[in-house]
Amino acid sequence: MGEVKVIGSSKSLFCTRVEWALKLKGVAYEYLEEDLLNKSPLLLKYNPVHKKVPVLVHDDKPIAESLAILEYIDETWKNNPLLPQDPYERAMARFWAKFADEKCLMRAFEAFWKEGREKEKAIESALESFAFLEKQIQGRRFFSGDDKIGYLDLAMGWIPHWLNVMEEVGGMKLIDAEKFPILHEWTQNFFEIPLIKECLPPRDALVNYFHFSMSYMRSMGANKQ
Ligand SMILES: N[C@@H](CCC(=O)N[C@@H](CS)C(=O)NCC(=O)O)C(=O)O
């Protein structure tokens, strides 16, 4: 199995994805908590390009970017496959994971911290993107099928916990049973899985984190004007 380490931050949804994948595969790992306000020489050594967490270090070889890490984990430890076997289905899973990161997550984050007309625009754009996900999961219990979660469910795993806190702190609602009944049901099903629940950061810690993020983003935004 080799030596497996995760350089992460306990409140990061990108890092939790990686921990979920390792736990689903039954891979033992050492977790190294990173202080993102004072980055360690180890993080700078292993992810000199983006200087971000998560980084998976397998036998001293680093891999950065959470979606790439999920693929590496899936190809290295073959039990409990995360990606579909069919090449077309695999390509689609990658497409939707990228879409969710670039369109849903980014717009939701803007909707969370922005104000006034900019906030309204981000909410509108996020809702348009979530509507695509609603169609994508139609007829299935999980994104990866009826019986078990996989790559795409882990990629969307920020929705039930992190988005819920962003909605509360940002004073907005993007996903509810009325607007997106199928996606909403998925959030309930996903959240109920013990392995998923066990890895989540405590909600009050996330609330504090997002209050800090909001002040930080707004001060950065104000400095740009
Ligand atoms: N696309 C990256 C995003 C990773 C990311 O944004 N990580 C944040 C923590 S949530 C980080 O390390 N931020 C530190 C920084 O931006 O300086 C991934 O999927 O791994």
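The values are calculated or read from the model by the stated rules, or taken from the named source; none is laboratory data. What you see is a predicted model; the values in this text were computed from it and never measured. Here Cβ is always computed from backbone atoms with ideal geometry, including for glycine, and neighbour counts include all displayed protein chains. All accessible areas refer to the heavy atoms of the entire protein, side chains included, with ligands and DNA or RNA removed. Shrake-Rupley method; radii C 1.70, N 1.55, O 1.52, S 1.80 Å.
Only a single item in (1) out of contact with any Leu (no Cβ under 8 Å at 6 or more places or on another chain); (2) under 23 Å from PRO160 (Cα atoms) is not met by LEU36, and it is number (2). The set of residues in the range 7-29 that are within 11 Å of the ligand (Cβ to nearest atom) and more than 14 Å from the chain's Cα centre (by Cα) contains only ILE7.
Close Cβ contacts (under 8 Å, 6 or more residues apart or on different chains) running from residues in the range 66-93 that are within 21 Å of LEU133 (Cβ to Cβ) and touching a residue at least 40 places away in the same chain (Cβ under 8 Å) to residues that are open to solvent by less than 30 Å² (accessible area, probe 1.4 Å) and among the acidic types (Asp, Glu) comprise LEU67/ASP101; LEU82/ASP74; LEU83/ASP74. Taking the range 30-51 as the range and being among the acidic types (Asp, Glu) and within 11 Å of the ligand (Cβ to nearest atom) as the test, the residues that pass are GLU34, ASP35.
Note on the range 126-177: residues that are small (Gly, Ala, Ser), out of contact with any Leu (no Cβ under 8 Å at 6 or more places or on another chain) and touching a residue at least 40 places away in the same chain (Cβ under 8 Å) total 2.
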